[in-house]
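**Q** Quick one: this structure, given as structure tokens, is what I'll be asking you about.
Throughout, read-outs are computed from the coordinates displayed, never taken from laboratory work. This is a predicted model, so every value here is computed, not measured. Reconstructed Cβ throughout: ideal geometry from the backbone, glycine too, with neighbour counts over all protein chains shown.
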Amino acid sequence: MRPRSLRSLFAIAAALTALVALGPPSAAATTTPAAGYEQFAGCPHPGENPLIVTCYRRTVSSGTFQMGNLELNLLPTTLSGGMTASGAFSASPKGGLQQVKLTVPGGVVGLTGFTWLLEFFSAEALAAKAVFELTAVPSDPLADPLTMPVRIHLINPVLGNNCYLGTAKKPILLNLTTGTTSPPAPNSPLTGSPGTPSTTLPAEINDLSGAQHVDNSFVDQGANGCVLTLFGFPPVSINEVINEQQELPSAAGTNTTIQSFSSEDAAAATVYP
């Protein structure tokens, strides 16, 4: 037998010996939710975060968001993840805040007041979208209020790629409550709704329906990163233009969001048995 063949034989024998020493393979860790719990895929499985004790999903069905002159109608969106025993929120790559594109009234023209843009672009080409993005981890969704630090991405090629309201360091800090707010003037107190709890059996899922979150005390710092991008000319900052048109930055007591929602939660050990 050639030396090379002997080396190969010894390598195979060594590998087999190692497998025998390890014993039979252990069962693979659960990485997908059990049947009936598929909606909790945004909750980290034990291999991603072994400290998670509760899986959670919040679904906003409708609502409004007003900040300065900007008013957005909310579309269905979800916040999903899980909480540790201390209430620390965490999400898997499939979780977090779902990014839904909301229609910006008036598009780019509505944001800037630049009606002359319609001489070069169609109204469809100037349509703009707004996307809420988390800038940090939200608070425990099972506690009240639910604190969500967000920024709003304003999307249209004419605005450049990085046009935002709020920043990662100075986000729009929402404190969403089902109770009653205490805003500064000129806003008056708003009252949300705690909803109706129920339990789905035998899945052991805690359901909450007909709930409403409100907040009318948050602050916005104004536009940043917005540049007019036209026909290959150098981009020109239009942050101040958008701020003037939308009356931003806007102080606490001048902004309001109302969000109708439902939620589900279940023990992580049940979701990932």
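**Q** Could you list ILE242, ILE155 so that the one with the fewest beta carbons within 10 Å of its beta carbon is first and the one with the most is last?
**A** So the residues, fewest neighbours to most, are ILE155, ILE242.
**Q** Sorting PHE120, PHE89 on the 10 Å Cβ count, fewest up front, what's the list?
**A** PHE120, PHE89
**Q** If the reach is capped at under 22 angstrom between alpha carbons, list the lysines near LYS129, excluding any in the same chain fewer than eight residues apart.
**A** Here the lysines satisfying the reach criterion relative to LYS129 are LYS101, LYS170.
**Q** Counting each DSSP H run of 4 or more residues in the chain as -39500 (n - 2.57), what helix-only mean residue ellipticity at 222 nm follows after dividing by all residues, to the nearest 500 deg cm²/dmol?
**A** Here the helix-only value at 222 nm equals -4000 deg cm²/dmol.
**Q** Which net charge results for the neighbourhood of ASN224, defined as the other residues with beta-carbon distances under 10 angstrom from its beta-carbon, given Lys and Arg at +1 and Asp and Glu at -1?
**A** With Lys, Arg at +1 and Asp, Glu at -1, the neighbours total +2.
**Q** Right, something else. When only C-alpha pairs under 8 Å and at least 6 residues apart count, what is the relative contact order of the chain, in percent?
**A** Computed value for the chain: 20 percent relative contact order.
**Q** Same structure, new question: In whole Å, what are the extents of the stretch 55-190 along the principal axes defined by its C-alpha atoms, from largest to smallest?
**A** Largest to smallest, the principal-axis extents are 58, 40, 29 Å.
**Q** If you don't mind, another one. How high is the relative contact order of the stretch 82-212, in percent, counting Cα pairs under 8 Å that sit 6 or more residues apart?
**A** Answer for the stretch 82-212 is 16 percent.
**Q** Ok, one more. Taking 0.36 nm per intervening residue step and subtracting the Cα-Cα distance, what contour gain separates SER262 from ALA203 on full extension?
**A** 19.5 nm
**Q** Could you derive backbone 3J(HN,Hα) for the stretch 160-169 from the dihedral phi with the Karplus parameters 6.51, -1.76 and 1.60 (θ = phi - 60°), listing whole Hz in sequence and x where the residue is Gly or Pro?
**A** Values, residue by residue: x, 9, 10, 8, 9, 10, x, 10, 5, 7 Hz.
**Q** What are the extents of the Cα atoms of the stretch 42-86 along their three principal axes, listed from largest to smallest and rounded to whole Å?
**A** Reported extents, whole Å, longest axis first: 45, 18, 15.
**Q** Another one. Give me a comma-separated list of calculated 3J(HN,Hα) values for the stretch 54-62, in order, Karplus coefficients 6.51, -1.76, 1.60 applied at θ = phi - 60°, integers in Hz, x for any Gly or Pro.
**A** My calculation for the stretch 54-62 gives 9, 9, 9, 9, 10, 10, 7, 8, 6 Hz in order.
**Q** If the only charges are +1 at each Lys and Arg Cβ and -1 at each Asp and Glu Cβ, what is the size of the charge dipole of the chain around the Cα centre, to the nearest 20 debye?
**A** 1300
**Q** Another question, if that's okay. For SER237, what residues show an amide H to amide H distance below 5 Å, using hydrogens built from the backbone and excluding near sequence neighbours?
**A** Residues meeting the criterion, in which the H sits 1.01 Å from N, are LEU228.
**Q** Compute the separation of the alpha-carbon centres of the stretch 200-273 and the stretch 72-147 and state it in Å as a whole number.
**A** Distance between centres, Cα-based: 5 Å.
**Q** Once you charge only the Cβ atoms, +1 for Lys and Arg and -1 for Asp and Glu, what is the size of the charge dipole of the stretch 124-273 about its Cα centre, to the nearest 20 debye?
**A** Around 360 debye, computed over the stretch 124-273.
**Q** Excluding THR200 itself, calculate the net charge of residues whose Cβ lies under 15 Å from the Cβ of THR200, where each Lys or Arg counts +1 and each Asp or Glu counts -1.
**A** After counting each charged neighbour, the total is -4.
**Q** Starting from the Kirkwood radius over alpha-carbon pairs of the chain, derive D by Stokes-Einstein at 20 °C in a medium of 1.002 mPa s and give it in µm² s⁻¹.
**A** 99
**Q** Tell me the net charge near LEU70. Cut-off is 11 Å between Cβ atoms, LEU70 excluded, with +1 for each Lys or Arg and -1 for each Asp or Glu.
**A** -3
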